[in-house]
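The values are calculated or read from the model by the stated rules, or taken from the named source; none is laboratory data. Source: prediction; values computed, not measured. Here the Cβ positions follow ideal geometry from the backbone for every residue, glycine too, while neighbour counts run over all protein chains shown.
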Amino acid sequence: MNGVRWCAALGSVALGLGCQQEARLSTEQWSAIETREIEGKSDDILRAAAEVVLDDGYYFSLSDHSAGLIAGDRVPSPFQESYQRTGGMARHRSASDRVVVWVRPDGEGRAECRLQLQAEGVRLADSKRVTEFWARVQRRMMGDEKMGAGQ
Amino acid sequence: MTRALRVGAAGAVTMLVGCAAPPPMTQSQMDAAQVRQVEAAPDRAFNAASGALIDAGYQVHVSDGEAGLLTGEKREDPAVAANVAVMVVTALLTNAPMDIPPAYHAVSIQVLPGSEGRSSVRIRPFLNGLACPCDQEDAAGRATVGQIWELMQRQLLMKEPAGAP
């Protein structure tokens, strides 16, 4: 009996350690991690952000241009069968990877840009990935400018 | 044992259908495979893209004309004979018959304004929620891009703008 209890206890500890958990941060901490200021028109930023969302292999799951919002989802390999068996995009409710982009104009030629990241349904506090994402958005903006000038 | 067989069978089905996890591609490689230039203003190009998705049998899930973004998905059921064969084999081997799940093909499209009334259209295909790489080895992904592009051009030809010669 004792052995069973030990096994159950060890199992719960292993589960607790193995599962991803959302970081417990204050609203201000989340905002600091997820928000960057970028120079440029909010329209251009949003357009370039949508390109980067596609580059990263997410499909658009939400878009509201006037609100400056785009969301992208992708299904990690372990959840693909569940995605197939639960009705695809329309009804899939199991954990997916998600990015949510929010761009708000902030005065002359600047915008406040926020990126929320989720992996397997859990919100990530990953400042490095946020910085990388917006750096790639800026590169895309420069590339689009060049293309426009070349045409 | 049962689980290993199921995982193996699911893996084999995924490989047969054609798309695998995307290997890293550079931005220009991705653009070359997925982006097409169209001689139409963004709003016309967006309408043509919507029409092409619907013509190809996709159900539209996201549409934002202002942003030029679209997503559609369609379900493809496995052939009955293949499904029966998998059920018989898994029933014999594991006593737990397993069927082949349907495949979900999706496409996300971004229409970008260009200069002089042109637009560029990016077509990105997905299989079961995962992006198709559209590289040389991914014939299914490239075929999807080609099909949507062809249907888009047809839409543009069918609906010439008013005042066109």
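With the structure loaded, tell me whether B:L151 is under 29 Å from B:D43 (Cβ atoms), aliphatic (A, V, I, L, M) and touching a residue at least 12 places away in the same chain (Cβ under 8 Å) or whether it fails that test. Spelling it out, B:L151 is indeed under 29 Å from B:D43 (Cβ atoms), aliphatic (A, V, I, L, M) and touching a residue at least 12 places away in the same chain (Cβ under 8 Å). Looking only at residues that are of a type in the set (S, T, N, Q) and at pLDDT 95 or above in segment A:49-78, which one is farthest from B:Q27 (Cα to Cα)? Only one residue fits best here, namely A:S66.
Just to verify a result, which residue in segment B:99-113, among those that are surrounded by fewer than 18 Cβ atoms within 10 Å (Cβ to Cβ) and farther than 30 Å from A:M141 by Cα, is nearest to the other protein chains (Cβ to nearest Cβ)?
Taking the candidates together, the pick is B:P102.
Can you find even one residue in segment B:53-61 that is modelled with pLDDT of 85 or more, more than 14 Å from B:R124 (Cα to Cα) and in a loop (DSSP other than H, G, I, E, B)? Scanning segment B:53-61 turns up at least one residue that is modelled with pLDDT of 85 or more, more than 14 Å from B:R124 (Cα to Cα) and in a loop (DSSP other than H, G, I, E, B). The single residue among B:E150, B:E116 that is more than 10 Å from the chain's Cα centre (by Cα), acidic (D, E), in a helix (DSSP H, G or I) and surrounded by fewer than 21 Cβ atoms within 10 Å (Cβ to Cβ) turns out to be B:E150.
Would you point out the residue of segment A:39-65, among those that are more than 17 Å from the chain's Cα centre (by Cα) and more than 7 Å from every other protein chain (Cβ to nearest Cβ), that is nearest to B:G65 (Cα to Cα)?
A:D43
Suppose the filter is surrounded by 22 or more Cβ atoms within 10 Å (Cβ to Cβ) and closer than 27 Å to A:S82 by Cβ; does B:N128 pass it? It is true that B:N128 is surrounded by 22 or more Cβ atoms within 10 Å (Cβ to Cβ) and closer than 27 Å to A:S82 by Cβ. If you check A:E81 against the conditions, is it at the interface with chain B (Cβ under 7 Å from one of its Cβ atoms), modelled with pLDDT of 95 or more and out of contact with any strand residue (DSSP E or B) (no Cβ under 6 Å at 6 or more places or on another chain)? When the stated conditions are applied, A:E81 does not pass them. Only one of the listed residues (A:E108, A:E34, A:E28) is of a type in the set (D, E), more than 9 Å from every other protein chain (Cβ to nearest Cβ) and in contact with a Leu (Cβ under 8 Å, 6 or more places away or on another chain). That residue is A:E34. Considering segment B:62-89, the residues that are assigned to a helix (DSSP H, G or I) and within 14 Å of chain A (Cβ to nearest Cβ) include one that is surrounded by the most Cβ atoms within 10 Å (Cβ to Cβ), namely B:V86.
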